[in-house]
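One structure is given below, encoded as structure tokens.
The values are calculated or read from the model by the stated rules, or taken from the named source; none is laboratory data. Keep in mind it's a predicted model, so treat the numbers as computed, not measured. FYI the Cβ positions are ideal-geometry reconstructions off the backbone, even for glycines, and counts take in every protein chain you see.
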Amino acid sequence: METNEELDDEFDQCLVKMKPHVLRLSPKSERQRCANWIKKLCEPPGSGPTARKNRNSYASLLLHMLQKGLVEGPFAHKPQPGPLATLPAHMSIYFDEPGHVSFPASAESGAKSLPDWVYGELSDNSSSSVTQPTATSTLQERYHGTTGSWTHRRSRTENGVVSATAAGDKDYHSHVDKTRRDANEEMFAYDSSGMSPTKTSFRANSSLKEGTMMRRQHEKELEMRKQMMEAQHHEEKLRLQQRHDEAIQKILDRKNSEMEDMKNHYRSKSKEMDTTIRKLERKVQTLVKESAMIRDSRDQQIAELKKMVEHSDQSTQNEYETKLHEKTAEFEQEKFEMQKQHTKAIQEILDDTNVRLHKMETEYSEQVDQHAEVIRDLEARITQISQESEKHNRAQAEQGREKAELERRNMLLSAELENIRTRYAEVEKAAEQARDDQEMEMRSMRNKTDASIEFMKTEHSLSLAKSVDTIRELEQHIQDLKQQLQDSEHRRQRELRDLESMLKQDKLHQENLHEKQIMSLRSELEGERQDNHNKILKLQQTIRDKDEQLEKFAELRKMQSQKAEKALEEFKQQVEHNSSRMFDDMKAQMQKVEADLLQSKELRQTQTREYARQLEQERKRFEKQLSDQETSHIEKVTQLVQQQQMERESMQQEHERILAVTTDRLQGRVDEEHKQSLQRQDRDTAMIRGLEQQVRELREANMQSESLRKQQLVELGLLREEEKQRAQRESETAVSTLKSEMEQQRLRLQRDHSAEIEQMLQKTNSRLKDIEKDYNERLTKTAENNRQLNDTIETLRQESSSCRNDLERQMTDAIAKLEDEKELLKKQHAAYLKTLHQDLDKQRSRARQMERDLQQKDFQHQDQMTHLKQDNENRMRGFMPLSVRQELEDTIESLKSQVTALQQTSIVLQEELDMNRKYPSNVRSPSRN
């Protein structure tokens, strides 16, 4: 079984081997996520070995994923707070892969390198340790073989942050001092021994050896300085690391103390909450007891109230029976008066409806006249729009003439370009001839310079440098001219693009505004139409509902009157014969009045439908005409805009094509000149290489001849000196003459070349200016045309908006009138319904009174029957014959049957009264709505 120290060493080894893989990750987010996971893994795992094994399995899985270059699974998101969860079983697949390597728990391998990069990532999660791996890599890894092995230890704090401290600081300082002494000794040896090779080199006259020695010495010096700087950097880094560890330790101590304070605070809070919960539970128990007591007292009160209500019901029933007899007589008189009032109200309603219908007919005729005036105005507007379209056609013809003129100018410009091409061909021929002459002269110069190689080499190098400078200046001048041409061309193209973009934006803006206005107006018209239609439908529905309610009321009245007649006929056939005849007459009159009302309503509905249909037809016809005019106008405007845009695009394409052709030709000329200059430079360099090769061969021959003829040179030294001086003078004179000739020829060619370039530039500049003028004129013309078209479009929009405003005003007036009429109808209908409700209430009260009277009479009849029965039984008992007794019994049976029939009728009347009591709520609900 593995101990805790072995598991910690294995974890340290995993951390050390994670470093290069984490630093190699390119996204910053992945590096920070890995650093957070390492921080989580470095927290204290617990006392047992199972937590450490779980931590080590997480670390080995992270290392394996970093080696593969794919961070996934639990490491795809930030770690959760709290202890580490056990690693899932399916993650063991990663450990079974062939690329996975297990790490043995050896303390030596875990102490080979310092994981200070982990500390940098864990301290503040900054990006310096990730984005700059050289700043976090230690000198211990770079100079592992020279500085010796370093021993480190991992110290764990209460929060689990890993702090790495160096254990061998004294050995390190002694090693740094030793490296400094070695570097100083090597520098001193270099300074002391650096003089001897220079002296020997001057003695031996070997320039190559001197250069190599100086370079080696310089490299050694740089290497030593580099080692010194690295040692100083490492020492300073360790100091900063120690300071950083101390600061982190202080911060961790402070945080731990704060955490303890917070724990104590929350413990006290939890205790307070427990006490409050206990108190609340006690209160709840007391409240439950009180509620039970209140419930018992309430049940007792309810029982007492039931007893009181039963007693009061009996007393009230007796009182109502007495009052029922008093109200029966009043009911008949009120019924007759109510019928008279009802007939008068119906006659008044008929008169009002006739007056309103006449008024509606007059208003409808006025609206028809207004619609005819609107149609005449629209026809005048159509004629005006047709005249404006003819004006647009004339403007289009003028644009066609301008286009023909521009094409003619384009032909002239193409002819001028052909002339320029012929001139350029002549200039190229002259340049070729000058180039051939120059090559002939160069050959003659090459033959002359074979005699004096040493002197000619130096002079030629000077002349070559001068020629290179002049060529460089000319190339720079050509590049400047090219840049100026490109800048001017870019500027013109930018201005053209800006103008086009501005025009397009204005056009799109105006079109969008026009379309938005049209859409908004259409949506408003549709909304108003829909609202009007919905309102008309609602009014029609309400009228139908009210008619149905009136019919129901009439039917109910009929049923109630019929039932009342039956009851009165059964009880008072002789007394109420005249009243029933009068009621039949009134009923016939009511039916006639109702028929007249229905007929008037049907006439009014037919008139409203006819008016709505005619209004809808006029509206559809007007909308169709308006939409046709709008579509024709929009099509004409779009055609004009498309034609103008096509012409503008064709002109711009022609302009761009001409500019591209001219720029390509100029670029070709400049490239050819550059190629020619490069060819000349290559020829000169080849000639110089040949001359240098000849010089080397001659030097070798001279060395051989000197070694062979030392004795002859000693004897003939004086003669050789005189010959040398004479040959030197002759060579100097020849070289000076050649040099002057070459300089004159170079200056002449340079002058010719510069003059040709200036002429070409002047021609191109003049041509470009002419092109600019032409296109500026074209742009001004197109801008004027666009301005005119925009003005015409604006006028058309204003006119269309004025027409729409007029139509909207007329529609609003018509809608306002309809609303006023609807309000009047609603008020009249509400008043009529109010009167009907009042009549119904009166009839209900009378029916209740009659019901009470009937019940009272029924009770009286029963009492009389019982009294008569008892009297007859008492009188006839004992001395009445059988026949008389049988007759009396038959009469008693018939009276009983009559009583049962009367009871059934009273039950039916009671049910109808209950229905009537429920019915008023259903009747009054529409008026409330």
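Structure notes:
- Restricting ASP8, ASP12 to residues that are buried (at least 18 other Cβ atoms within 10 Å of the Cβ), modelled with pLDDT of 80 or more and over 19 Å from LEU87 (Cβ atoms) narrows the list to ASP12.
- Single residue of segment 375-429 satisfying the filter (among the β-branched types (Val, Ile, Thr) and over 50 Å from the mean Cα position of the chain (by Cα)) that is surrounded by the fewest Cβ atoms within 10 Å (Cβ to Cβ): THR422
- Pairs are defined by a Cβ separation below 9 Å, a sequence spacing of at least 6 or placement on different chains, a first member in segment 666-677 that is basic (Lys, Arg), and a second member that is in a helix (DSSP H, G or I); the pairs so defined are ARG669/TYR424; ARG669/GLU428; ARG669/MET760.
- Every residue from segment 45-86 that is of a type in the set (S, T, N, Q) and within 18 Å of ASP9 (Cα to Cα): SER47, THR50, ASN54, ASN56, SER57, SER60
- Members of segment 647-699 found to be farther than 19 Å from ARG423 by Cβ and aliphatic (A, V, I, L, M), listed by number: MET651, LEU659, ALA660, LEU678, ALA686, MET687, ILE688, LEU691, VAL695, LEU698
- Hey, ALA395 among the small types (Gly, Ala, Ser), in a helix (DSSP H, G or I), closer than 26 Å to GLU654 by Cβ and modelled with pLDDT of 75 or more or not: yes
- Positions within segment 771-794 being touching a residue at least 40 places away in the same chain (Cβ under 8 Å), of a type outside the set (Ser, Thr, Tyr) and farther than 30 Å from GLU390 by Cβ, in sequence order: ILE771, GLU772, ASP774
- Only residues that are farther than 19 Å from PRO44 by Cβ and acidic (Asp, Glu) were counted in segment 250-270, giving 1.
- Segment 225-275, subset touching a residue at least 24 places away in the same chain (Cβ under 8 Å) and among the aliphatic types (A, V, I, L, M), residue farthest from LYS39 (Cα to Cα): MET228
- A residue that is in contact with a helix residue (DSSP H, G or I) (Cβ under 6 Å, 6 or more places away or on another chain), modelled with pLDDT of 85 or more, within 21 Å of ILE248 (Cα to Cα) and in a helix (DSSP H, G or I) occurs nowhere in segment 49-57.
Yes or no, residue by residue, for (1) loosely packed, with under 14 Cβ neighbours inside 10 Å; (2) modelled with pLDDT of 80 or more; (3) touching a Phe, Trp or Tyr at 6+ places or on another chain (Cβ under 6 Å):
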position: GLU672; (1), (2), (3): yes, yes, no
position: ILE688; (1), (2), (3): no, no, no
position: GLU697; (1), (2), (3): yes, yes, no
position: GLU706; (1), (2), (3): yes, no, no
position: GLU715; (1), (2), (3): yes, no, no
position: SER736; (1), (2), (3): yes, no, no
position: LYS739; (1), (2), (3): no, no, no
position: MET760; (1), (2), (3): no, no, no
position: LEU768; (1), (2), (3): no, no, no
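- SER389 vs. criteria in a helix (DSSP H, G or I) and out of contact with any Ser or Thr (no Cβ under 9 Å at 6 or more places or on another chain): no
- Single residue of segment 335-365 satisfying the filter (under 60 Å from the mean Cα position of the chain (by Cα) and exposed (fewer than 11 other Cβ atoms within 10 Å of the Cβ)) that is farthest from ARG846 (Cα to Cα): SER365
- The condition (being farther than 25 Å from ALA816 by Cα, over 46 Å from the mean Cα position of the chain (by Cα) and either polar (S, T, N, Q) or at pLDDT 75 or above (or both)) is satisfied by just one residue among LEU598, LEU568, LEU550: LEU598.
- Residue within segment 330-337 that is in contact with a helix residue (DSSP H, G or I) (Cβ under 7 Å, 6 or more places away or on another chain), touching a residue at least 24 places away in the same chain (Cβ under 8 Å), hydrophobic (A, V, I, L, M, F, W, C) and closer than 30 Å to GLN599 by Cα present: no
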